[in-house]
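**Q** Dumping the structure here so I can ask a few things about it.
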Amino acid sequence: MDQRNFEREPTLYGEFTLTSNRKVRYSVNLTERDLIVQRLTSAPVGRNKVVLSMKDCLGCRAYREDDNADPAAYLAVYFYPLKRRWTSSGVLRQRVEQCFRLASLQDPCANLDEAEKWARAVRERSARQQQFRDGELMSHLPRPCRMMLLVNPQSGKGQALTLYNNHIQRMLNEAGVIHTLVITERQNHARDMMKEVDLSQWDALVIMSGDGLLYEVINGLLERSDWEEAIRTPLGILPGGSGNALAASVHHYSGASPLSSEELLVSCGFLLCKGLVSRMDLVSIHLSSSPRLFSFLSLAWGFVADVDIESEKYRHVGAARFTVGTLVRLASLRVYKGRLAYLPASKECNNEEGLQNNMRVHCNNQASSQTPASLLCRPSGDGHNTFHNSCHSNNSLKVRRAESTASRSATKGLPGPPDSLLPPLDQPLPSNWVVVQEEDFVLMLAMYQSHLAEDLLAAPDATLDDGVIHLFYVKAGISRTALLRLFLAMEKGAHLATNCQHLVHTKVRALRLEPYSPKGIITVDGEVVEYGPVQAEVHRGLSRLITG
């Protein structure tokens with residue numbers, strides 16, 4: 001249906017009392033966009049008027065009380081509008097409930113029918129306000145929706161279950177979402193469960209934890225024989241751990257101002273209940289002897305990986321553990337030796353890949369006067385904070401595909417999508433890859449989402465399915481002060497504007513890292529993996545994420 005046709009829906013009008021005060025009557029107008037509540041008094045119009053946007057409506061229900069002597073029906077509408085904080089700048093979602101008593105008729109069934117008519121209209125108009133984003137029709141979860149909600153009770157400060165009881169359970173009930181709570185009991189519990197679970201019972205799988213539990217779920221789904229269907233199951237994320245990077249990214253993509261802790265949880269809960277589904281990139285990770293892994297967030301080596309793992313001892317302080325870990329590691333700054341190479345990204349190649357996979361392609365760039373010839377690849381190993389374009393003619397694309405045949409055969413027998421860009425780890429790289437000249441690093445960080453933690457906007461221009469890996473590396477020689485300044489700037493995504501000569505940022509489709517030292521730490525989505533050579537390739541829009 002054309003979005004403009006929605007405006008033709010008639011306004012519903014009624015006069016009701018509030019459950020909290022049966023003596024005062026209110027006029028209630030439901031338009032396509034708003035619920036307008038006006039107290040019927042002699043006061044000037046507008047003084048007692050409340051306007052609530054249907055975009056902020058989480059749910060609605062009609063019901064009768066248990067008292068048979070009361071013929072009235074009740075209509076409860078739940079909103080989570082953005083409101084300014086009392087004590088600081090910024091806005092956050094705060095719960096507003098409007099509960100009306102409908103008692104115009106003596107027949108209890110007639111009153112309930114009227115309340116249910118209003119409830120249906122509220123739900124339909126609320127849903128329509130969310131169907132379009134940037135003028136594009138979005139897919140959404142069915143209603144009623146059946147969710148499996150996995151909670152790791154040990155994540156973060158060990159408060160995940162308490163947060164569920166205090167916030168999420170009520171929000172899901174208000175939205176009419178049917179959910180089953182599953183409490184994980186051990187490491188890889190969720191991964192093992194995903195390999196066997198009957199996914200036809202669920203419309204979505206929701207994780208309330210840090211990022212580690214989602215890592216388990218995704219890899220469990222991709223280890224199934226029916227992985228192609230399984231990985232399309234919509235996934236949801238609620239912050240319940242220390243890092244909460246993907247939850248912070250989803251909140252950031254919604255256009256809202258930064259939040260943390262329980263305020264972030266309420267925002268993500270609201271987006272989850274809205275049920276809009278977007279595509280999300282996954283990255284295939286190859287290690288020397290371990291099975292192939294899939295990553296949704298990051299691949300890290302050096303300073304960032306060390307801080308992530310070494311700060312586990314400070315888990316009791318929650319998200320502040322990363323700040324403490326950063327200061328500790330700065331005090332004994334290390335240099336990490338290795339060889340880094342990557343395949344530069346190109347807009348044309350990304351679009352081609354997205355179309356081949358029958359996926360929606362986002363166009364975030366304005367029309368350019370540059371011709372295709374002016375964007376031909378010019379590999380460079382020393383560009384700072386630059387986007388290296390890498391376009392190819394049809395002939396060179398054929399060459400690249402031929403070069404990647406060995407990679408396809410290496411992954412052909414494995415569950416999950418085949419990799420088309422990666423040669424085996426023991427084989428040389430194709431000629432169109434860029435080899436970084438430096439071999440002494442402070443860190444290497446590959447990001448596919450915007451946030452590395454709640455308060456670290458590491459890749460500010462990343463989107464869920466842009467089809468690229470945002471590669472950052474810091475060369476040796478940077479001072480402790482300059483490195484600290486980078487991480488402080490990263491809190492607001494301003495680190496790329498610092499013009500640090502040791503920081504390099506580029507967008508790539510694949511990468512390979514070969515550490516020279518026999519010992520160290522490499523993390524994938526914050527989880528320690530086998531140390532040694534590693535390579536990665538992005539698969540555009542492979543999974544589905546609930547983004548509201």
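**Q** Answer yes or no: is there a residue in the stretch 152-164 that is buried (at least 19 other Cβ atoms within 10 Å of the Cβ) and touching an Asp or Glu at 6+ places or on another chain (Cβ under 6 Å).
**A** Checking the stretch 152-164: not a single residue is buried (at least 19 other Cβ atoms within 10 Å of the Cβ) and touching an Asp or Glu at 6+ places or on another chain (Cβ under 6 Å).
**Q** Same structure, new question: Test each condition in (1) out of contact with any strand residue (DSSP E or B) (no Cβ under 6 Å at 6 or more places or on another chain); (2) assigned to a helix (DSSP H, G or I) for CYS268 and report the one that comes out false.
**A** (1)
**Q** Somewhere in the stretch 288-305, is a residue closer than 22 Å to ALA160 by Cα and outside any strand (DSSP E or B)? Step through it out loud before you land on a result.
**A** To start, the set of residues in the stretch 288-305 that are closer than 22 Å to ALA160 by Cα comprises 296-297.
Right, trim to outside any strand (DSSP E or B) and you get 296-297.
Within the stretch 288-305, one or more residues are closer than 22 Å to ALA160 by Cα and outside any strand (DSSP E or B).
**Q** Of all residues in the stretch 246-261 being at pLDDT 95 or above and touching a helix residue (DSSP H, G or I) at 6+ places or on another chain (Cβ under 8 Å), which is farthest from PRO142 (Cα to Cα)?
**A** Taking the stretch 246-261 as the starting set, the residues that turn out to be at pLDDT 95 or above are 246-253.
From the residues that got through so far, the ones that are touching a helix residue (DSSP H, G or I) at 6+ places or on another chain (Cβ under 8 Å) too are 246-248, 250-251.
Working: LEU246: 23, ALA247: 22, ALA248: 25, VAL250: 20, HIS251: 22 Å.
Only one residue tops the list, namely ALA248.
**Q** Please enumerate the residues belonging to the stretch 134-173 that are of a type in the set (D, E, K, R) and in a loop (DSSP other than H, G, I, E, B).
**A** Our first condition is that a residue be of a type in the set (D, E, K, R); within the stretch 134-173, this holds for 134, 136, 143, 146, 157, 170.
Selection gives ASP134, ARG143, LYS157.
**Q** Identify, please: which residue in the stretch 456-484 is within 20 Å of GLY302 (Cα to Cα) and among the charged types (D, E, K, R) and is, among those, farthest from the chain's Cα centre (by Cα)?
**A** ARG480
**Q** If only one of VAL45, VAL51 is modelled with pLDDT under 95, of a type in the set (A, V, I, L, M, F, W, C) and open to solvent by 60 Å² or more (accessible area, probe 1.4 Å), which one is it? Give the derivation first.
**A** Numbers: VAL51 fails: modelled with pLDDT under 95.
So the residue among VAL45, VAL51 that is modelled with pLDDT under 95, of a type in the set (A, V, I, L, M, F, W, C) and open to solvent by 60 Å² or more (accessible area, probe 1.4 Å) is VAL45.
**Q** Is it the case that some residue within the stretch 457-476 is farther than 25 Å from VAL250 by Cα, open to solvent by 10 Å² or more (accessible area, probe 1.4 Å) and modelled with pLDDT of 95 or more?
**A** Yes, some residue in the stretch 457-476 is farther than 25 Å from VAL250 by Cα, open to solvent by 10 Å² or more (accessible area, probe 1.4 Å) and modelled with pLDDT of 95 or more.
**Q** Would you mind listing the helices (runs of 4 or more DSSP H) fully within the stretch 174-239 where at least 1 residues are closer than 20 Å to HIS140 by Cα, at pLDDT below 95 and aliphatic (A, V, I, L, M)?
**A** Values: elements: 189-196, 211-222, 227-230.
The helices (runs of 4 or more DSSP H) meeting that bar number zero.
**Q** Report, by residue number, each residue of the stretch 513-546 that is of a type outside the set (Gly, Ala, Ser) and open to solvent by less than 10 Å² (accessible area, probe 1.4 Å).
**A** Applying the first criterion (of a type outside the set (Gly, Ala, Ser)) to the stretch 513-546 yields 513-516, 518-519, 521-525, 527-531, 533-535, 537-540, 542, 544-546.
Listed by number, the residues that qualify are LEU513, ILE522, THR523, VAL524, ASP525, VAL534, GLN535, GLU537, VAL538, LEU545, ILE546.
**Q** Shifting gears a bit: Mind listing whichever residues of the stretch 477-512 are charged (D, E, K, R), surrounded by fewer than 18 Cβ atoms within 10 Å (Cβ to Cβ) and not in a helix (DSSP H, G or I)?
**A** Step one: list which residues in the stretch 477-512 are charged (D, E, K, R), which gives 480, 485, 491-492, 507, 509, 512.
Checking which are surrounded by fewer than 18 Cβ atoms within 10 Å (Cβ to Cβ) leaves us with 480, 485, 491-492.
Those that are charged (D, E, K, R), surrounded by fewer than 18 Cβ atoms within 10 Å (Cβ to Cβ) and not in a helix (DSSP H, G or I): GLU491, LYS492.
The values are calculated or read from the model by the stated rules, or taken from the named source; none is laboratory data. Everything numeric here is computed off the predicted structure, so don't read it as measured data. All Cβ positions, even for glycine, are placed from backbone atoms using ideal geometry, and neighbour counts span all protein chains on display. Accessible surface is based on the protein model in full, side chains and every heavy atom, while ligands, DNA and RNA are left aside. Shrake-Rupley method; radii C 1.70, N 1.55, O 1.52, S 1.80 Å.
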